[in-house]
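A short worksheet on the structure shown next.
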Amino acid sequence: LTTLQLSNYKIEIASLDQICAGLNAWLRAKSWSKVFVLLDENTERDCLPLLERALWPEDRVLIKINSGEENKNIYTCQSIWQQMVSGGGDRHSLLVNLGGGVIGDMGGFAASTYMRGISFLNIPTTLLAQVDASVGGKLGVDFNGLKNMIGMFNDPVAVLLCPEFFYTLPEEQLRSGFAEVLKHALIKDESEFEFLEGQDPLQIPEWTEIVARSVAIKKEIVQEDPFEKGVRKILNFGHTLGHAVETESFKTSSPLMHGEAIGIGMLCESWISANTKRISNKTLDQIADAIKAAFPYCDIRGLAKDQIMGHMLHDKKNVSGSIRFSLLSGIGSCETDCQVQTELITESLEYYHSVYA
Ligand SMILES: NC(=O)c1ccc[n+]([C@@H]2O[C@H](COP(=O)([O-])OP(=O)(O)OC[C@H]3O[C@@H](n4cnc5c(N)ncnc54)[C@H](O)[C@@H]3O)[C@@H](O)[C@H]2O)c1
Ligand SMILES: [Zn+2]
């Protein structure tokens with residue numbers, strides 16, 4: 001059992017038995033007037049049965065929503081609030097979020113607004129949700145075609161992490177989440193990168209230590225900068241380009257997974273880091289090998305470069321219209337607010353293909 005203490009809650013990384021015991025303690029810790037569980041069809045089928053040993057109150061209410069980012073919106077929240085009202089939810093109720101990042105972000109938002117805020121507890125069930133969405137307090141929904149447009153910062157009462165949920169996770173989800181694991185090592189922890197180097201996420205037998213170290217890195221960064229004013233921007237490594245490529249791929253018949261796009265983004269931004277003399281070519285090759293081992297080639301030659309540039313220019317993280325990158329200055333260190341010439345950005349996309357050639 002590993003416990004990470006944040007300012008006002010704990011993250012526990014543990015076996016299923018320990019998670020059930022921890023959950024049981026929380027269910028009994030306060031006299032909750034009602035316990036709600038937010039889940040989708042997949043986590044109801046695959047994850048809820050694993051938590052039966054937690055001995056839920058008999059009158060717990062399941063709130064089921066349809067899975068998928070397309071349902072992360074205010075309409076689904078209305079249905080969640082509605083079910084809390086009809087289930088007798090009051091200010092002393094607890095919402096347990098059981099699912100991936102969609103459930104965590106939206107459930108946290110719905111709980112934080114219901115009657116001016118009720119307690120919620122997160123049990124993230126995807127790799128991405130465990131190592132990334134589980135820390136940092138960002139909650140919300142998509143709106144007007146933009147991701148996470150409506151939301152707030154707020155913390156859960158606790159986060160319980162258990163890699164045993166990954167057994168049922170679709171392989172592409174596991175691979176996708178691994179991009180953030182690599183990112184955390186690349187920006188902050190050289191020895192962790194050396195451990196992960198060459199690993200294919202689908203062949204990793206034991207995740208507990210990897211999840212524990214990855215989430216600890218994110219925790220450290222977030223604690224230094226809870227509201228994303230400075231150092232937290234290093235978490236955007238791979239995301240400036242990666243997110244633009246991801247957005248453009250949505251127009252095609254084969255949209256990229258978030259992690260696939262971030263894999264591409266990390267390769268391109270590492271190349272930019274090398275070409276602006278922040279890292280050596282040898283380091284670049286080492287990073288490229290690690291990303292290649294984890295992510296197969298994605299054919300993105302059909303994506304229009306000017307459109308990709310356009311998405312970057314319109315990124316909501318920009319300040320006064322200029323694109324700022326978080327670039328590596330070594331393995332385990334990262335600089336924020338780097339300005340990069342446009343030509344270098346487009347050239348880096350060529351580099352991506354050459355790595356797999
Ligand atoms: N709050 C944050 O700091 C933060 C950080 C990163 C991402 N996010 C958000 O997270 C979301 C993406 O999260 P995600 O990648 O977890 O996707 P997701 O929540 O859509 O889950 C992916 C799929 O896996 C299924 N699933 C989940 N756990 C399963 C399990 N154990 N077994 C079988 N199937 C399972 C889900 O039903 C879903 O179909 C995005 O909306 C993103 O904005 C938030
Ligand atoms: Zn990401």
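All of the numbers you see were taken from the coordinates with simple rules; none came from a lab. Everything quoted here is computed from the prediction, not taken from an experiment. Counting neighbours? That spans all protein chains shown, and the Cβs are built from the backbone with ideal geometry, glycine included.
Each Lys or Arg adds one and each Asp or Glu takes one away; over the other residues whose Cβ falls under 15 Å from the Cβ of K188, this sums to -4.
Note on R53 and V85: their simple-model spin labels are 4.0 nm apart, each label 7 Å out from Cα toward Cβ. Sorted fewest first by neighbouring Cβ atoms within 10 angstrom, S214, S280, S67 come out as S280, S67, S214. When you count the other C-beta atoms within 10 angstrom of each residue and take the mean per peptide, 311-322, 170-181 line up highest first as 170-181, 311-322.
Would you compute, from DSSP H runs of 4+ residues alone, the mean residue ellipticity of the chain at 222 nm, taking -39500 (n - 2.57) per run and dividing by the full residue count, rounded to the nearest 500? All intermediate terms of the calculation are to be shown ahead of the outcome.
Numbers: 12 runs with 155 residues, N = 357.
After summing the helix terms and dividing by residue count, I get -13500 deg cm²/dmol.
Overall form of segment 20-140: rounded. Here a/c, set by the Cα gyration tensor axes a ≥ b ≥ c, is under 1.5.
Think of each Lys and Arg Cβ as +1 and each Asp and Glu Cβ as -1; about the Cα centre, that makes the dipole of the chain roughly 1120 debye.
If R0 is 45 Å, what FRET efficiency do you get for Q339 and Y167 from their C-beta distance, rounded to 0.05? Each step should come with its number before you reach the end.
On the way: r = 45 Å, r/R0 = 0.99.
With a Förster radius of 45 Å, E is 0.50.
Rounded to a whole number of µm²/s, how large is the Stokes-Einstein D of the chain at 4 °C and 1.567 mPa s, given Rh as the Kirkwood radius over C-alpha pairs? Intermediate results must be reported in sequence, preceding the final value.
Numbers: Rh = 20.9 Å.
Approximately 62 µm²/s, per Stokes-Einstein.
Remark: for residue pairs K34/K316; K34/K233; K147/K229; K72/K292, the C-alpha separation exceeds 28 Å in K34/K316; K34/K233; K72/K292. In this simple spin-label model, placing a label point 7 Å from the Cα along the Cα-to-Cβ direction at both E209 and S191 gives a separation of 1.1 nm. From the Cα gyration tensor of segment 202-333, with a ≥ b ≥ c the square roots of its eigenvalues, which class applies: rounded if a/c is under 1.5, or else prolate if a/b is larger than b/c, or else oblate? Verdict is rounded for segment 202-333. Using a cutoff of 8 angstrom between alpha carbon atoms and counting only pairs six or more residues apart, the relative contact order for the chain works out to 14 percent.
Could you tell me the distance between the Cα centroids of segment 197-248 and segment 261-302, to the nearest Å? Cα centroid of segment 197-248 versus Cα centroid of segment 261-302: 16 Å apart.
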